[in-house]
Amino acid sequence: MANQPTIETLRTYVNENRVRGTFARSLLQQHDSGRTLSAKQTYWVERLCNEADARVEQTPETSGDYEDVVAIFNGVRLKRPTLTFPLGRFTVVVSKAGDRSRNPGHLYVKANDRYVGKVTPEGHFHVGRDGYYAEGARAVLDALKNDAVGYITRVGKASGRCACCSRALTDERSIIAGVGPICAPKWGIPWG
């Protein structure tokens with residue numbers, strides 16, 4: 001039988017969604033029904049708990065002082081402002097949650113279509129469960145915090161795409177500015 005603290009830890013982690021899936025639930029059901037867990041099942045109870053603990057230690061909450069980044073998104077005259085940054089092998093997307101979303105006013109950060117975390121309206125960056133692209137996302141948020149307009153235009157010039165709408169920059173003035181003529185005034189970026 002798995003030791004009681006470990007099985008209770010697993011139960012807590014399942015209830016908090018730190019451990020997901022039917023396997024963990026089946027281990028709990030077997031224990032609750034009074035049946036003895038095998039040595040392999042006991043191993044998996046401990047392993048699932050250890051992996052959940054490692055993910056928490058690996059992805060701590062970061063207070064990154066990203067209030068300036070939130071202010072940039074709040075100042076844009078768009079319903080759901082989004083910035084896309086193609087950076088080598090991965091693409092970071094920062095988008096503002098809608099008013100009816102679960103987290104209104106938060107900024108969602110994704111890399112290669114995987115959720116990385118969110119920035120609260122107060123500017124705190126919360127890394128998601130995976131945390132795989134967290135460092136790259138922090139680098140983008142830091143660059144936006146330090147010089148948003150400069151970073152948006154530098155990425156646009158380097159990639160040949162507007163960071164605001166992801167369209168290809170075809171006009172010579174747009175290529176020089178690193179942003180398109182429609183997006184520039186919406187984001188407060190000089191153009192032309």
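The values are calculated or read from the model by the stated rules, or taken from the named source; none is laboratory data. All values reported here derive from a predicted model rather than from experimental measurement. Cβ atoms come from the backbone with ideal geometry, glycine included; neighbour counts cover every protein chain shown.
A residue that is closer than 16 Å to TYR66 by Cβ, of a type in the set (Phe, Trp, Tyr) and buried (at least 17 other Cβ atoms within 10 Å of the Cβ) cannot be found anywhere in the range 173-192.
Only a single item in (1) outside the structural domain of VAL149 (by TED's automatic domain parsing); (2) under 29 Å from GLY117 (Cβ atoms); (3) modelled with pLDDT of 90 or more; (4) crowded, with 18+ Cβ neighbours inside 10 Å is not met by HIS31, and it is number (2). Among all residue pairs at least 6 apart or on different chains, which show Cβ distances below 6 Å where the first residue, located in the range 164-192, is without any contact (Cβ under 8 Å) to a residue 24 or more places away in the chain and the second is aromatic (Phe, Trp, Tyr) and in a loop (DSSP other than H, G, I, E, B)? These pairs meet every condition: PRO181/TRP191; ALA184/TRP191. Scanning the range 117-156 for residues that are assigned to a helix (DSSP H, G or I), of a type in the set (Val, Ile, Thr) and either farther than 15 Å from THR91 by Cβ or not assigned by TED's automatic domain parsing to the domain that holds PRO81 (or both) turns up VAL149, THR153. For first residues located in the range 105-116 and assigned by TED's automatic domain parsing to the domain that holds LEU87 and without any contact (Cβ under 8 Å) to a residue 40 or more places away in the chain, partners that are of a type in the set (A, V, I, L, M, F, W, C) and in a loop (DSSP other than H, G, I, E, B) and lie 6+ apart or on another chain with Cβ distances below 7 Å form the pairs GLY105/ALA97; HIS106/ALA97; TYR108/ALA97.
Among the residues of the range 120-139, which ones are hydroxyl-bearing (Ser, Thr, Tyr) and within 19 Å of GLU67 (Cα to Cα)?
The initial filter retains those residues of the range 120-139 that are hydroxyl-bearing (Ser, Thr, Tyr), namely 120, 132-133.
Hit for the range 120-139 is THR120, nothing else.
Scanning the range 124-144 for residues that are of a type in the set (Lys, Arg) and either buried (at least 19 other Cβ atoms within 10 Å of the Cβ) or modelled with pLDDT of 85 or more (or both) returns a single hit, ARG138. Applying the set (1) surrounded by fewer than 17 Cβ atoms within 10 Å (Cβ to Cβ); (2) closer than 21 Å to ASN17 by Cβ to TYR108 leaves exactly one unmet item: (1).
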